[in-house]
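Have a look at the structure below, then the notes.
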Amino acid sequence: VQLVEAGGGLVQPGESLTLSCIASGSIGTSEMGWYRQGPGKQREFVASISSSLWANYAESEKGRFAVSRNDAQNTVNLHMDSLKPEDTGVYYCYLGFPPVWGQGTQVTVFS
């Protein structure tokens, strides 16, 4: 299975963005989610969602980000509100464990 992300871009603080990730095959009952790697930082957890639609978020993203999945379409989305400069980074979609990673999509929040 391969993952392809889309939806990144350049936005101003306070704006919203939705990232999408599509898998080339069935995602089955695997957990899916998102990590982020900011400039000069290690990759960090952002959000995940199980096949039973249990969502989990990093503390700094709670209330601002929403993760969703569509198993029929083999997709996972990440809707991001109230974006901050510290949200800047490459966002990677993952599937299962050990994770399969996408190639990443760049999100830049600048003022």
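Here the scattering of the chain is modelled by Debye summation over its C-alpha atoms, one equal scatterer each and no solvent; at q = 0.20 Å⁻¹ the log10 of I(q)/I(0) is -1.00. Computed over the stretch 44-98, the quotient of the alpha carbon radius of gyration and 2.2 N^0.38 Å is 1.15. By the Stokes-Einstein formula, at 1.567 mPa s and 4 °C, the stretch 1-65 with its Kirkwood radius over alpha-carbon pairs has D equal to 95 µm²/s.
Every read-out reported here was derived from the displayed coordinates using simple, explicitly stated rules and does not represent laboratory data. Here the structure is a predicted model, which is why all the values come from computation and not from measurement.
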